[in-house]
Amino acid sequence: MNILTILLAALAAFLVGGLWYGPLFGTAWMRLIGKTPEELGQANMVKLYGIAFLFALLQATMLAHLFARIGAPPFHIVMMISTGIALGFVIPAIGTNYLFRREPGKLFFIDAGYWFAFYAAMGLVFALLG
């Protein structure tokens, strides 16, 4: 497994979150979770972003391990696997939680779209850099 590719995949996915919950859907997301920018800014941001990046590293490492085990798959297979993990595992899992918590459908689609874009970004890095 290539450590640099893992770091770049985690960074790409992490940056997707900054765009997704910032200029793209940040305002709608905050309204749906009932928070203001001031409330969200009260968290320990170094700890919050640090742990989030560690989670992204773990996810990228697991993808790298999977791709290493199946042996340098072509671009379309890497993208099918990475986005398939989001569509087949992550999104249904959060969808189930949202159903039982009775979260708004709009919030689900914002978060589900994020996870799809997150895994697509990681997949793109692996597909391009192998």
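Is there any pair linking a residue in the stretch 1-30 that is among the β-branched types (Val, Ile, Thr) to one that is crowded, with 16+ Cβ neighbours inside 10 Å, with Cβ under 6 Å and at least six apart or on different chains, and which?
Close Cβ pairs (under 6 Å, with a partner that is crowded, with 16+ Cβ neighbours inside 10 Å) amount to 6/60; 6/61; 6/64; 16/117; 16/118; 16/121.
Which residue, of 12, 28, is among the small types (Gly, Ala, Ser) and under 12 Å from the mean Cα position of the chain (by Cα)?
Numbers: 28 fails: under 12 Å from the mean Cα position of the chain (by Cα).
Step by step, each of 12, 28 is checked, and only 12 is among the small types (Gly, Ala, Ser) and under 12 Å from the mean Cα position of the chain (by Cα).
Out of the residues in the stretch 101-110 that are without any contact (Cβ under 8 Å) to a residue 60 or more places away in the chain and assigned to a helix (DSSP H, G or I), which is surrounded by the most Cβ atoms within 10 Å (Cβ to Cβ)?
Across the stretch 101-110, the extreme among qualifying residues is 108.
Mind listing whichever residues of the stretch 84-97 are in contact (Cβ under 8 Å) with a residue 12 or more places away in the chain and either over 26 Å from residue 66 (Cα atoms) or within 14 Å of the chain's Cα centre (by Cα) (or both)? Give the steps one after another, and end with the answer.
Looking only at the stretch 84-97, we keep the residues that are in contact (Cβ under 8 Å) with a residue 12 or more places away in the chain, and these are 85-87, 90-91, 94-95.
Within the stretch 84-97, 85, 86, 87, 90, 91, 94 qualify.
Across the stretch 63-73, which residue is nearest to residue 122 (Cα to Cα) among those that are surrounded by fewer than 17 Cβ atoms within 10 Å (Cβ to Cβ) and in contact (Cβ under 8 Å) with a residue 24 or more places away in the chain? Steps first, answer last, please.
Let us first name the residues in the stretch 63-73 that are surrounded by fewer than 17 Cβ atoms within 10 Å (Cβ to Cβ), namely 65-66, 68-73.
Adding the requirement that they be in contact (Cβ under 8 Å) with a residue 24 or more places away in the chain leaves 65, 68, 72.
Details: 65: 13, 68: 15, 72: 15 Å.
Looking at the filtered set, the residue picked out is 65.
Per-residue answers, yes or no, for (1) under 18 Å from residue 6 (Cβ atoms); (2) of a type in the set (A, V, I, L, M, F, W, C):
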| site | (1), (2) |
| --- | --- |
| 26 | no, no |
| 57 | yes, yes |
| 64 | yes, yes |
| 84 | no, no |
| 92 | no, no |
| 115 | no, yes |
| 118 | yes, yes |
| 123 | yes, no |
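Every number in this text was worked out from the coordinates using simple rules, so none of it is lab data. As the structure is a computational prediction, the values presented were derived from the model and not from experiment. Virtual Cβ from ideal backbone geometry, glycine too; neighbours counted across all protein chains shown.
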